[in-house]
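The values are calculated or read from the model by the stated rules, or taken from the named source; none is laboratory data. Quick caveat: nothing in here was measured; it's all calculated off a predicted structure. Note: ideal-geometry Cβ built from the backbone for every residue, glycine included; neighbour counts use all protein chains shown. Just the protein is used for accessible areas: all its heavy atoms, side chains included, with ligands, DNA and RNA removed. Shrake-Rupley method; radii C 1.70, N 1.55, O 1.52, S 1.80 Å.
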Amino acid sequence: MSSISIIGLGNMAGALAGRALAGGNTVEIIGRDRVKAKEFAAALGSATVGTAGAAPAGDIVILAMPYGSAAAVVSEYGDALRGKVIVDITNPVSPDFKGFVTPDGSSGAQEIAKAAPAGAHVVKAFNTLFSHVLAAGPVEGRPLDVFIAGDDEQAKARVSAFIESLGLRPMDIGQLPMARTLENVALMQLGLVAHSVKHTNFFLGVSILS
């Protein structure tokens with residue numbers, strides 16, 4: 001069982017919180033609007049409500065917000081995130097859906113890591129899953145694959161254990177610079193939605209043949 005704090009009140013926050021609670025984890029919901037955060041937690045049933053800007057209760061802190069807000073939020077929390085595993089689920093896609101808003105050669109996760117305090121470890125995860133697909137979980141008995149990237153092996157092990165508690169399969173692709181690859185996968189998914197699949201009811205995963 002993991003102790004999870006989710007910063008954000010959107011669809012991904014709801015999907016992650018619901019699966020986390022079903023998997024036996026403790027969940028804290030944090031939002032700038034405390035009234036909305038309380039309503040959000042109440043709808044989930046057994047989540048608690050944290051205070052924006054105060055130290056999150058969870059050992060794993062999930063940034064369930066647009067990329068444009070993530071680094072600033074991490075900076076605001078500062079040393080309150082020391083020792084935490086920070087999970088970046090964002091995609092820094094440009095408004096025209098043709099590229100990224102991050103500096104060349106970097107990724108959203110790497111930029112967030114620059115804002116994190118010493119002793120905090122950023123892990124990229126969940127950015128290639130649409131919220132309703134994540135909420136639905138395994139498909140015909142096959143778990144969804146959650147690709148992760150990070151520099152700290154212990155942090156990735158903790159995130160992997162959390163992912164498994166959700167009934168999903170963690171797939172480690174390497175160190176944090178590989179987060180850019182995962183962000184490109186998300187951009188590719190948007191291209192599939194626009195030009196091929198025409199909807200978001202799908203996921204990308206690994207089929208091991210032998």
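Data for the structure
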item: Computed [θ] at 222 nm, helices only, for the chain once each DSSP H run of length n ≥ 4 contributes -39500 (n - 2.57); result: -11500 deg cm²/dmol
item: Amide H contacts of Thr90 (H built 1.01 Å from N, under 5 Å, at least 5 apart or other chain); result: none
item: Segment 109-201: trypsin sites (Lys or Arg not before Pro) in DSSP loop, at most 11 other beta carbons within 10 Å; result: Lys198
item: Options Pro103, Tyr67, Thr200, ranked by Cα towards positive dipole end of the chain, top entry (Cβ charges); result: Thr200
item: Inter-centroid distance (Cα atoms) of segment 53-132 relative to segment 153-167, Å; result: 17
item: Label-to-label distance, nm, for residues given as Met171 and Val49 (7 Å Cα→Cβ offset); result: 3.9
item: Area of Val122 that stays accessible when all protein chains are in place (1.4 Å probe, Å², to 10); result: 10
item: Loop chymotrypsin sites (Phe, Trp or Tyr not before Pro), segment 69-112 (other Cβ atoms within 10 Å of the site Cβ: 13 or fewer; DSSP); result: Phe97
item: Residues with amide H under 5 Å from that of Val49, placed H, sequence gap 5 or more; result: Ile29
item: Beta bridges per DSSP with both ends in the chain, % antiparallel, nearest 5; result: 15
item: With every protein chain in place, the chain: carbon and sulfur % of accessible area (1.4 Å); result: 55
item: Accessible-area value, Asp79, 1.4 Å probe, nucleic acids and ligands omitted, Å²; result: 100
item: Rounded to the nearest 20 debye, dipole of the chain from Cβ charges on Lys, Arg, Asp, Glu; result: 340
item: ³J(HN,Hα), Karplus 6.51/-1.76/1.60, whole Hz, each residue of segment 168-182, x for Gly, Pro; result: 10, 10, x, 10, 7, 10, x, 7, 4, x, 6, 4, 4, 4, 5
item: Table column - 3J(HN,Hα) (Hz), segment 147-159, Karplus curve with 6.51, -1.76, 1.60, x for Gly and Pro; result: 7, 10, 9, x, 8, 9, 5, 5, 4, 5, 5, 5, 5
item: Residue-normalised accessible area of segment 25-127, expressed per residue, 1.4 Å probe, Å²; result: 44
item: Accessible area in square angstrom per residue, segment 133-210, 1.4 angstrom probe; result: 52
item: Cleavage-rule hits, trypsin sites (Lys or Arg not before Pro), segment 11-103, DSSP coil, Cβ neighbours within 10 Å at most 16; result: Arg32, Arg82, Lys98
